[in-house]
Every structure is written in structure tokens, then in C-alpha cells.
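Structure record follows, encoded as C-alpha cells.
The values are calculated or read from the model by the stated rules, or taken from the named source; none is laboratory data. This structure is a prediction, so every number in the text was calculated from the model and none was measured. Ligands, DNA and RNA are excluded from the accessible area calculation, which covers all protein heavy atoms including side chains. Shrake-Rupley method; radii C 1.70, N 1.55, O 1.52, S 1.80 Å.
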Amino acid sequence: MRLLTIPNQFSTPKAWDEFPKGRMRPSPYYNRMVDVMEELMRFTVLTRDIKEDLVDRYSERVESAEALSKRVNQASD
């Protein structure tokens with residue numbers, strides 16, 4: 001799984017009570033939620049241009065034994 005994580009997290013206790021009419025009510029929980037979402041957005045913008053570096057994995061670059069064998073043991077003409 002590849003996803004951006006931020007050094008911040010947040011949970012709302014009894015979240016079902018915070019959405020009486022389908023929208024989160026104004027409260028310190030709402031303010032904290034907005035803070036965390038703003039931080040996530042900033043990290044997304046900051047890392048957007050370097051995504052190839054962030055998702056490059058060694059395990060996906062390594063050839064399988066079968067692919068290596070096929071490449072090395074090519075029949076000569």
C-alpha cells in the first residue's frame with residue numbers, strides 16, 4: 001500500500017454524535033479535523049513533484065529468477 005502519511009493524526013470520540021444533520025457541528029473537534037486536513041493538503045502539494053521517488057520500490061525493480069534466466073540464457077543465432 002502506498003499512501004502519504006503525516007506526522008499528525010486525529011480521531012473524534014463518538015463521531016456519530018458530531019454529525020447531527022449530516023455535517024460536522026462546529027466544535028474543537030471540527031477545528032482539529034480542519035487542521036489535520038490542511039496539513040495533509042500541504043504535504044500532498046509538497047510531495048506531488050517527487051512522487052516517483054516516493055513510490056519507487058526495490059522489490060518491484062528486482063527481476064524475478066525466471067525473467068533473469070530468460071534474459072541471461074538467450075539462444076544465440
Which Rg and Dmax, in Å, describe the Cα atoms of the chain?
23.1, 75
Need the list of lysines near residue 70 for cross-linking: C-alpha distance under 30 angstrom, and skip anything on the same chain fewer than eight residues off.
none
Carbon and sulfur: what percent of the chain's accessible surface (1.4 Å probe)?
55
For the chain, what does the accessible surface come to per residue with a 1.4 Å probe? Please give it in Å².
92
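When the helices in the chain are scored as -39500 (n - 2.57) per DSSP H run of 4 or longer and the sum is shared across all residues, what 222 nm value do you end up with, to the nearest 500 deg cm²/dmol?
-13500 deg cm²/dmol
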Using each residue's phi in region 3-16, evaluate 6.51 cos²θ - 1.76 cosθ + 1.60 at θ = phi - 60° and report the 3J(HN,Hα) Karplus result to the nearest Hz, with x for Gly and Pro.
7, 7, 10, 10, x, 10, 8, 7, 9, 10, x, 6, 4, 4
Report the full-extension gain for the segment residue 68 to residue 8: residue separation times 0.36 nm, less the Cα-Cα distance, to one decimal in nm.
17.3 nm
Quick check: the angle from helix 28-47's long axis to the longest principal axis of the chain, C-alpha only, nearest 10 degrees?
30
